[in-house]
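Novice: Please read through the structure below; I'll follow up with questions.
Coordinate-derived values only; no laboratory data. Everything numeric here is computed off the predicted structure, so don't read it as measured data. Glycine gets a Cβ as well: all are built from the backbone with ideal geometry, and neighbour counts include every protein chain shown.
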Amino acid sequence: MADIGAALARAGFRLLGGFAPETGDAVPDIAPGGPAAGLMLVGSLSSELFPHFSQCAEARDGAPDPLDRHTRRVLTPIAEAAGMTPVFVFDGPPYHPFQRWALRVGGVSPSPMGLLAHERFGPWLALRAAFLSPERLEAVAPFPGEGPCPPCADRPCMSACPVGALGPGGYDVPLCLAYLSENPEASCHTGCLARHACPVGRAHAQGAMEGAFHMRAFFKGAF
Ligand code: B12
Ligand code: SF4
Ligand code: SF4
């Protein structure tokens, strides 16, 4: 576990923890009839990943989905060297329930935005991959808390959106996209204002360059 964590850290990723899957976790088989007996969850923070990603071939080749391709190329050999099989957040549709797996690992709460907020990293933790092991893993939970949202009474994330795209009914994706489309100069194009309004994990907030990269991918992917 320590070796995998160190290999991931050298590439700008983070080992978030692991658990022994149960039926309700919807963890796929490693091979037909070969259930996964352990799952390790891999995430990232932009401040740690982008120094690596911005220098890689995928970031410069002009082909689609550079971050996904970079992630697959870098993480696959790390998983395989440890005898594990990687699955990725972008595999799908149908997608694997990565947020459900992150809730199993702990340290996060579902925020009213739909994102998970982490007790140390706030809404800035990205999920990237899960390494599936044929051998049973004891639960590893470096952040065993329940996340920052339950005691957050003011919920500033909920009032920051200029068009009220986040409300009791969830995230109104068409409303958000319409605003972005009609307002090409809006500051949302370098990062969602609701996410930036969260006071937790401010030190890990995406910078304008990383935020613009993700918002472009989100916006372009929708059309
Ligand atoms: C499809 C998808 C979307 C779709 C639809 C989201 C939706 N309304 O369900 C769209 C394109 C809208 C989207 C947008 C974004 N997404 Co998205 N998305 C996914 C994806 C690929 C699959 C989700 C899914 O269907 N899972 C299958 C179900 C069965 O799994 P589940 O865990 O049980 O399902 C949960 C989610 O659907 C979640 N959910 C419900 N409503 C919303 C709303 C939002 C905004 C999010 C993020 C999640 C969410 O609740 C479900 C129950 O727990 C996941 C990756 C993954 N594989 O999980 C990323 C993921 C959920 N997205 C993520 C992010 C960060 C975003 C963006 C904020 C990123 C961005 N800026 O580009 C944007 C939001 C736009 C903004 N204003 O900033 C992160 C969330 C990280 C976290 N800390 O929780 C994920 C995990 C990807 C990642 N690499 O980390 N996303
Ligand atoms: S502002 Fe409060 S409710 Fe919103 S994501 Fe942050 S901790 Fe959670
Ligand atoms: S990107 Fe802007 S419009 Fe969309 S949900 Fe975030 S704050 Fe609202």
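Novice: Using only Cα atoms, find the angle between the long axis of helix 208-221 and the longest principal axis of the chain, and express it within 0 to 90 degrees, rounded to the nearest 10.
Specialist: 90
Novice: Let me ask something additional. Quick one: L16, L180, fewest Cβ neighbours within 10 Å first, how do they rank?
Specialist: In order of increasing Cβ crowding within 10 Å: L180, L16.
Novice: Please go through region 1-99 and write out the GluC sites (Glu not before Pro) that DSSP classes as loop and that have at most 12 other C-beta atoms within 10 Å.
Specialist: E22
Novice: Exactly which chymotrypsin sites (Phe, Trp or Tyr not before Pro) in region 35-137 are in a DSSP loop and have at most 12 other Cβ atoms within 10 Å?
Specialist: When the chymotrypsin sites (Phe, Trp or Tyr not before Pro) of region 35-137 are filtered for loop state and at most 12 Cβ neighbours within 10 Å, Y95 remain.
Novice: What list do you get for C157, C56, C188 if you sort them by fewest beta carbons within 10 Å?
Specialist: With the fewest neighbours first, C157, C56, C188 line up as C56, C188, C157.
Novice: Give me the distance between the Cα centres of region 68-97 and region 161-202, rounded to whole Å.
Specialist: Answer, in whole Å: 29.
Novice: Relative to the compact-globule scaling 2.2 N^0.38 Å, provide the ratio for the alpha-carbon radius of gyration of region 37-125.
Specialist: 1.18
Novice: Still on this structure: Of A102, A139, A130, which is the most mobile in a GNM of the chain whose springs link Cα atoms less than 10 angstrom apart?
Specialist: Among A102, A139, A130, the largest GNM mean-square fluctuation belongs to A139.
Novice: Averaging over every viewing direction, what projected area does the convex hull of the Cα atoms of the chain cover, in nm²?
Specialist: Projected area, direction-averaged: 12.8 nm².
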